[in-house]
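Since the structure comes first, as structure tokens, the remarks are kept for the end.
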Amino acid sequence: MPKFYLEKVCYELPILDSYNVYFSKQLFLIKIGKCDCLPMKMRSDRFGLCKELEKDVFEVLIPFVYSEITPFIFDNVVGENRPNPDFNAYFIARKKDDRISTYTLYMFKKAVFSCIIENMRKKLAVNRKHQFFVFSKNRKKGIIKDGAIIVPAKFDYISAYEYSYEVGEIGNKTNPWDIIYTLLFIVSDKTGNGIYMNGEEFLLHEYEMIEADEFGRIIAARDWDEYYWLKYDDASKTFVESPAEVNENGIINIEYGYWFNTKRGQFEYKEDDSYQWTEEDTWDALTDGQYGDYPEEGVDWDHLYDALGL
């Protein structure tokens, strides 16, 4: 990587503005403005990223060829706004040539800077909650997390879910199982559906449908007439299936007011609206316990309203 003095750069290529994007005070995102001394093709605002090696001495990490650089900082704070030394810093750099934009993803982690993926035709989408990127290549989608491609770009659709599973005894009688919390990706294309978890692929193209809910329940369909619950088994290191019972209406009941609709292919929830309001409920609402329990012989409502001043 080239090294240079900031003063020299200021002299040759006027810097319109620069600002520190990191609390570490090591990385500087710098914009180079229009300058007559540059070739015609470079006479526009260009961004690059530099790292300060010592006072007024910088190293170029991202070359000054991009029209836009967007930083993303993951896990950058611990405790009371104190920097986390293990934070991940990402930069999506956009380059525009002849009206065509391409995108490159860079990562800075533990003082190591690297290019993760480059020259993507479509901008990467970021999931801040789970800290991963969705990238597209040849009209197919993939996932980048922690600086690595954990789902290859070969799927039409990808959905992310929080998932947990038991991994065996840990010798604690009050809590005999260790629970692992992880991300699970359900992927699909024209040939079928599958699951990616912990960087591994499972059940690819074996089912016509795989759906999951926010509670980590996974249901799958084979031939659209056989439905199964899928659960990860740590002993066999794979997902095992158990039959799901479908009633005559195409419903798989899970718990009261919650089910899976096989005709619509989705989990559904309905609040219980069958409750009928009673006089006892009215008594409790009006008296708020001031006159004891609801009398079995009934209530003189006119007398009660007068007593309450209603």
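The values are calculated or read from the model by the stated rules, or taken from the named source; none is laboratory data. No experiment lies behind these values; they were computed from the predicted model shown. Cβ: placed from backbone, ideal geometry, glycine included. Neighbour counts: every protein chain shown. These accessible areas exclude ligands, DNA and RNA; they are computed on the full protein's heavy atoms, side chains included. Shrake-Rupley method; radii C 1.70, N 1.55, O 1.52, S 1.80 Å.
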Identify the residue in segment 190-199 that is over 21 Å from the mean Cα position of the chain (by Cα) and either among the aliphatic types (A, V, I, L, M) or not in a strand (DSSP E or B) (or both) and, among all such residues, is surrounded by the fewest Cβ atoms within 10 Å (Cβ to Cβ). K190
May I ask you to list the residues in segment 217-238 that are within 24 Å of the chain's Cα centre (by Cα) and open to solvent by less than 20 Å² (accessible area, probe 1.4 Å)? I218, I219, A220, L230
So Y165, is it at pLDDT below 90, surrounded by 15 or more Cβ atoms within 10 Å (Cβ to Cβ) and under 24 Å from V240 (Cβ atoms): yes
Only one of (1) farther than 26 Å from F202 by Cβ; (2) open to solvent by 40 Å² or more (accessible area, probe 1.4 Å); (3) outside any loop (DSSP other than H, G, I, E, B); (4) not small (G, A, S) is not met by F108, so which one is it? (2)
Could you please let me know if E241 is farther than 30 Å from N198 by Cβ and either open to solvent by 50 Å² or more (accessible area, probe 1.4 Å) or modelled with pLDDT under 70 (or both)? no
For Y157: the one exception among (1) of a type in the set (S, T, Y); (2) closer than 23 Å to G216 by Cα; (3) modelled with pLDDT of 90 or more; (4) open to solvent by less than 70 Å² (accessible area, probe 1.4 Å): (4)
